[in-house]
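**Student:** The structure follows.
The values are calculated or read from the model by the stated rules, or taken from the named source; none is laboratory data. The shown structure was predicted, so the numbers you read here are calculated from the model rather than taken from an experiment. Cβ placement follows ideal geometry from the backbone for every residue including glycine, while neighbour counts extend to all protein chains displayed. These area figures cover heavy atoms from the full protein model, side chains too; ligands, DNA and RNA do not enter into them. Shrake-Rupley method; radii C 1.70, N 1.55, O 1.52, S 1.80 Å.
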Amino acid sequence: MRIIYFGTPEFASSQLEAIISAGYEVAAVVTVPDKPAGRGKKIQSSDVKETALKYGLPVLQPVSLKSPQFIEELSSYNADLFVVVAFRMLPEVVWSMPPKGTFNLHASLLPQYRGAAPINHAIINGEKETGLTTFLLDKEIDTGEIIKQEKVVIDDNETAGSLHDKLMLLGNQVVVDTIKMIEKGKVCSLSQEFIIEKENMQLKPAPKIFKEDCRINWCKDAKSIYDFIRGLSPYPAAHTRLISEQGDAIDVKIYEAEIDKETSNGELYSVVTDGKSYLKVVLNEASISIKTIQQAGKKSMSIADFLRGARMCGKWKIEI
């Protein structure tokens, strides 16, 4: 089979490597246009483009997926199958093109956690299990018929970063297995609407996460705050503000924390620290002990390194 692959980040480049290693012919790769990134605003290519160039594959980088030039070039490859991983929504004129269809790999057990950030939202919601789904594309995002699913346990201390890596590696096999099923004509796809009705399922969405969504709500219980921090670590990262009794403020991102059930002394929402090795936020039933932190404009560091530089004298509280 001739395959055209659509993808952008590291997650998707891993599956592209797996498809090539499995011996399938990738006729072309579609990814986002190069763009400036970082402080120096240097032009950078996507991870998928870098992988494609390593194997000498043609790379298409359309600004518009509906442009006649792109559609014509895409059809000229006469591909049998399109595979999509971590890419934007395709118009029907694209996904309906190949004779064997177009399938997508999604990092959740659909129909749960449809949307752009399924890994983050699963951890934030305290889920114990998630997984991967391959499904056929249709007109609505993440709603197509399911081809294959694999479950994954979410550990108690799992972060979005560690779960991302776990799912990325498992995704290599899931994508290749799905291609084999399609190649052999052994696909028995299952309607997501059938699953929803059969299980009387209440759907949990996974919309894109913006900076304003990452502010910690300290009025919540300790478990919810802990899940929120690890569900956004390392990216885009939960953030908050430390405020002194004089009104000085320090904006920080928190990458790692623990629930400290032994230490809940102190005024509610106050910051308890020895100025050397620990910093805790007092809640109703426990404290959140911050382990890895990043002050605005600086690198992430251990709480001990942060305290050596911050010199937090007097009383401090957390911004609610």
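**Student:** Check V176 against each of (1) part of a helix (DSSP H, G or I); (2) under 28 Å from S67 (Cβ atoms); (3) of a type in the set (V, I, T) and name the one condition it does not meet.
**Tutor:** Status for V176: all satisfied but (2).
**Student:** Quick one: in region 180-224, of everything that is polar (S, T, N, Q) and open to solvent by less than 80 Å² (accessible area, probe 1.4 Å), which residue is farthest from S287 (Cα to Cα)?
**Tutor:** Restricting to residues being polar (S, T, N, Q) and open to solvent by less than 80 Å² (accessible area, probe 1.4 Å), the top hit is S189.
**Student:** So the check is Cβ under 9 Å with 6+ separation or different chains; which pairs have a first residue in region 147-162 that's touching a residue at least 60 places away in the same chain (Cβ under 8 Å) and a second one that's open to solvent by 40 Å² or more (accessible area, probe 1.4 Å) and in a loop (DSSP other than H, G, I, E, B)?
**Tutor:** If the second residue must be open to solvent by 40 Å² or more (accessible area, probe 1.4 Å) and in a loop (DSSP other than H, G, I, E, B), the pairs left are T159/P234; A160/P234; A160/Y235; G161/P234; G161/Y235.
**Student:** For residues that are among the hydrophobic types (A, V, I, L, M, F, W, C) and closer than 22 Å to K317 by Cα, scanning just region 225-241, find the one that is surrounded by the most Cβ atoms within 10 Å (Cβ to Cβ). Talk me through it step by step, then tell me what you get.
**Tutor:** The initial filter retains those residues of region 225-241 that are among the hydrophobic types (A, V, I, L, M, F, W, C), namely 225, 228-229, 232, 237-238.
With closer than 22 Å to K317 by Cα added as a condition, the list becomes 225, 228-229, 237-238.
On the way: I225: 23, F228: 24, I229: 28, A237: 17, A238: 22.
Taking the candidates together, the pick is I229.
**Student:** Oh, and also: Within region 264-284, how many residues turn out to be part of a loop (DSSP other than H, G, I, E, B) and either within 20 Å of D156 (Cβ to Cβ) or among the charged types (D, E, K, R) (or both)?
**Tutor:** 4
**Student:** May I ask you to list the residues in region 72-127 that are charged (D, E, K, R), outside any loop (DSSP other than H, G, I, E, B) and either farther than 15 Å from Y5 by Cα or open to solvent by less than 10 Å² (accessible area, probe 1.4 Å) (or both)?
**Tutor:** Taking region 72-127 first, the residues charged (D, E, K, R) are 72-73, 80, 88, 92, 100, 114, 127.
Of the ones still in play, those that are also outside any loop (DSSP other than H, G, I, E, B) are 72-73, 92.
E72, E92 - these are the residues of region 72-127 that are charged (D, E, K, R), outside any loop (DSSP other than H, G, I, E, B) and either farther than 15 Å from Y5 by Cα or open to solvent by less than 10 Å² (accessible area, probe 1.4 Å) (or both).
**Student:** Looking at the structure I just gave you, is I43 open to solvent by 20 Å² or more (accessible area, probe 1.4 Å) and outside any helix (DSSP H, G or I)? So that I can check it myself, show each step before the final result.
**Tutor:** Details: open to solvent by 20 Å² or more (accessible area, probe 1.4 Å): yes; outside any helix (DSSP H, G or I): yes.
Yes, satisfied.
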